[in-house]
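Participant: Quick one: structure below, then a few questions.
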Amino acid sequence: MMKAVKCIIVLAMMLGWGSVSGQEVFSERIMGLRLIGATEAKIPVAEMDGRPITVEFDVNEEMPANYRVRALHCDRDWKLTGTTFVNSETANRAKVPIAYELAPAGAQGYRFLYRFKLPGIAGIDRFAQSGNYLLEVLDEEWNRVLARGRFFVVERTVRPVLKVMNRQLPSEIHPWNKVHRVEVGIVIPENRVEGEPPLLTPLLTTVDLIKNRQLYHPWRIDANVFSSTTFVEGFGTSKLKFIIENVQPGNEYRRIDLRSVNEYPEGMQLRPRNGADVSRTLQSAPKDNNGVAVLTTGSRYAGYVPFQFELILDPPGSDSVIVVGDFNGWRPSDDYRLRYDEETRRYKATVTLRRGFYDYQYTVGNDDWVSIEGNDWRTVGVYSAFVYYHDPRYGGFDRIVGFTQGMSSGGAGGF
């Protein structure tokens, strides 16, 4: 990962009108897509026959449309599962119109809100297999994907236990030497699940860790991949421990509250009321909301507004400063890159946000989450662990046979 903002050059691209979305939006018809779970950090995790996730998307059209929805099973790397026994043409497709409601009178930027549960809509009443899934919203003719989101379906075949500890890397300098050691312990049950074959221990090789809501930035522990910072103890036995030793805690996120119309009036280009952001490399920060956005609902002020993020770096730091938050799924991308304004000596990006309360931060490129924001053991975050098993049936596919969550301690010391 990049460690410092060096070799300074001026940024030349300005971000245009983005849309608030926890995932990916490809059409101006859809203003925002949100996949929300009942887990810590609202990670979109559904259970095989139990707890669902909520899917919402805002639509900016004069008349409501009969949007289509489907869920596609993927492997652990988010590539579509090729076997038709898992991804058939008829499975996991909504067979009824999606329920919608009018946006609050006077709300700007959208006219309809669509909402449903997964599982819980006809055609997707349940999931036959656990695993990674892509949720796609398509047009009325099934011809074009308008928006796409990631979610997980988990089973409880194994019950992992997660532990987070502070650790200091002697080979790194401050603040990159502060990391989390995360351990995920697994015991494979002796009793097989009725109707299912027993787990073959050599096929249980991988655990992915997600910090807060960073679905597009997982940390992986894989028994088949050599690494100096990841280990699997007891591989091939019924008791395994997956260990990773270099997860950066980062810093508590920055926060912006757009709920107040008095502070952020309608009909204006909105800017930070407390001035531009600055680097926090050596500073801790107040507690955040673990990346979860809280949107305004039920009022005329539940609409979309243009907000300009502003950042001062001294000296100006990079050509690839990106703002991330729930509005873009915590996914660094060129669409949310800031430009450097020579006149004001600030990095700037304008993003269209639905009014609400947001955590956010800046990255340098896709991988450097520390150079601008800092890295501190006192940061408290949510870790989600997904245990993958490659099932040899039906041509082979990946299941998530265990899921758990845990919090970092926020302590100041490490070993």
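Participant: What full-extension length gain, to one decimal in nm, is calculated for GLN283 and ARG345 as 0.36 nm per residue of separation minus the Cα-Cα distance?
Facilitator: Extending this stretch completely gives an extra 20.1 nm.
Participant: Quick one: length gained pulling SER299 to ARG51 fully straight, 0.36 nm per residue minus the C-alpha distance?
Facilitator: That works out to 86.4 nm of additional length.
Participant: With θ set to phi - 60° and the Karplus curve 6.51 cos²θ - 1.76 cosθ + 1.60, what are the ³J(HN,Hα) couplings of region 379-389 in order, to the nearest whole Hz, using x for Gly and Pro?
Facilitator: For region 379-389, the Karplus-derived couplings read 5, 9, x, 9, 10, 10, 10, 10, 9, 9, 9 Hz, x marking Gly and Pro.
Participant: Another question, if that's okay. Mind listing the long-range amide H neighbours of ASP277? Cut-off is under 5 Å, sequence gap 5 or more, other chains count too, H placed in the peptide plane at 1.01 Å from N.
Facilitator: GLU310, LEU311, ILE312
Participant: Skipping prolines and chain starts, which residues have an amide H placed within reach, meaning under 5 Å, of the one on ARG354, given they are 5 or more residues away or on another chain?
Facilitator: Those qualifying (amide H under 5 Å, at least 5 residues apart or on another chain) are VAL20, VAL305.
Participant: May I pose another question? Could you go through region 38-50 in sequence order and give the Karplus-derived ³J(HN,Hα) for each residue, using 6.51 cos²θ - 1.76 cosθ + 1.60 with θ = phi - 60°, rounded to whole Hz, and x for Gly and Pro?
Facilitator: 9, 9, 4, 6, 6, 4, x, 10, 9, 9, 3, 10, x
Participant: Name the long-range amide H neighbours of VAL69: under 5 Å, sequence gap of 5 or more, or other chain; modelled H, no Pro or chain starts.
Facilitator: It is ALA94, LEU138, by chain and number.
Participant: Measuring from label point to label point, each 7 Å out along Cα→Cβ, what is the GLN168 to GLU62 span in nm?
Facilitator: Roughly 6.7 nm, to one decimal.
Participant: Take the alpha carbon atoms of region 270-294, find their center, do the same for region 336-415, and report the distance between the two centers in whole angstrom.
Facilitator: Going from one Cα centre to the other spans 14 Å.
Participant: Defining a contact as two alpha carbons under 8 Å apart and six or more residues distant in sequence, what relative contact order in percent does the chain show?
Facilitator: 23
Participant: Could you run the Karplus curve 6.51 cos²θ - 1.76 cosθ + 1.60 with θ = phi - 60° over region 90-97 and give me ³J(HN,Hα) per residue in whole Hz, x for Gly and Pro?
Facilitator: 3J(HN,Hα) across region 90-97, in whole Hz: 9, 7, 6, 10, 5, 10, 10, x.
Participant: Does anything in region 281-313 have its amide N under 19 Å from the 7 Å Cα→Cβ label point of ARG259, and if so which residues?
Facilitator: 286-307
Read-outs throughout are calculated quantities, based only on the coordinates presented, and are distinct from any laboratory measurement. Just so it is clear, the structure is predicted and the values come from calculations on it, not from any experiment. Note that each Cβ is placed from the backbone with ideal geometry, even for glycine, and that neighbours are counted across all protein chains shown.
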